[in-house]
1. If you add up the charges near residue 142, with Lys and Arg at +1 and Asp and Glu at -1, over every other residue whose beta carbon is less than 12 angstrom from its beta carbon, what do you get?
2. Give me the lysines in straight-line cross-link reach of residue 101: C-alpha distance below 21 Å, same-chain residues under 8 apart excluded.
3. If you count only protein heavy atoms and use a 1.4 Å probe, how large is the accessible surface of residue 83, to the nearest 10 Å²?
4. For residue 159, list long-range residues whose amide hydrogen, built 1.01 Å from N in the peptide plane, is under 5 Å from its own amide hydrogen.
5. In the neighborhood of residue 217, defined by Cβ-to-Cβ distances under 10 Å, what is the net charge if each Lys or Arg adds +1 and each Asp or Glu adds -1?
6. Any idea how far the Cα center of segment 89-127 sits from the one of segment 153-171, in Å?
7. Over the alpha-carbon set of segment 175-215, divide Rg by the Kirkwood Rh and report the Rg/Rh ratio to two decimals.
8. Hey, which lysines would be in cross-link range of residue 158, C-alpha to C-alpha under 22 Å, not counting anything within fewer than 8 residues on its own chain?
Amino acid sequence: QRGPLDRLKAETPLHPMDSKEDKKQVEIADISKKRKFVKDGVFYAELNEFLTRELGEDGYSGVEVRGPVGRTEIIIKATRTQHVIGEKGRRIRELTSLIQKRFDMPDGTVALFAEKVKNRGLCAVAQAESLCYKLIEGIAVRRACYGVLRYIMENEAKGCEIIVSGKLRAQRAKAMKFKDGYMITSGDAANHYIDEAVRHIKMKQGVLGIKVKIMLPYDEKGRDGCSVVQPDVVTVMEPKEEKELDIPPKTGYAQDMTGGAAAAEPMETTGAPQGGMPMGAPMGAPMGPAPTGPMGAPAGPMP
């Protein structure tokens, strides 16, 4: 339901001298959030598909759409940015004009920028495109996949997985999987660490599907990897150096209370008669040996 302020905006007639920007702001205010997100998603999907077909040979690696209200900034990520810009900026101006006319945007509201991918060995889109062109040239599937796999692992990736499915040699379709390193597939960490790309090639015998998954390394700054720490990674720290206690020795329970003097010798006690209790012995102490009679028999009361 609209509030009173929204109803007032919709019912207020625009002045004939109002500019196009004011009209556009009123349209943006009237659109619902659900429609806006759907509209942005459709725009991004169509733009990504167009740039993939147009800039695939130039190492296209993705696109980012951002910008304030009334202006759209499109950042194209590629491995060869000079080919994207073209001679004296000719190609990027052509792309800007095509996007502007296709989506019916006013002049001066769209701006295209080219950003170079820092490490293309950790970019799944760039490696999937590279593998596509290797297979189109006629290189054997196993040789092409192992070459891409080795290149990815040499660029300090934690793990990699490449799946190629379709009619590889015979008429029977099959899938080939190439793996190396460490790869996670579940949990929240997979959303941050796994970079995935899917591409399709139209070959003479049919369509081949290519899926490339790369597990990024950890980088605290987020430049050459993921800045999110994995929850199951445990770091064992080095033990601290032991420091001597700042207290004098021989204190506490082991303190010498005699002041260094020798301990007194125990007193000698005179023994009691044989079989009796020694003098000064505590109660319950063991008695001496019992007296014996003749022939070793114990002495007892006379019958």
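1. +4
2. 20, 23, 24, 36, 39
3. Approximately 100 Å² of residue 83 is accessible to the 1.4 Å probe.
4. 182, 215
5. On the way: positive: 158; negative: 156, 219, 224.
Its environment carries a net charge of -2.
6. Value for the Cα centre distance between the two parts: 29 Å.
7. On the way: Rg = 13.1 Å, Rh = 12.1 Å.
Reported Rg/Rh (Cα atoms, Kirkwood Rh): 1.09.
8. Here the lysines satisfying the reach criterion relative to residue 158 are 118, 177, 179, 211, 213, 221.
The values are calculated or read from the model by the stated rules, or taken from the named source; none is laboratory data. A quick note: this is a predicted structure, and the numbers were derived from the prediction, not measured. Quick reminder, even Gly has a Cβ in these numbers, built from the backbone with ideal geometry, and neighbours come from all protein chains shown. Heads up: the accessible areas ignore ligands, DNA and RNA and are worked out on the full protein's heavy atoms, side chains in. Shrake-Rupley method; radii C 1.70, N 1.55, O 1.52, S 1.80 Å.
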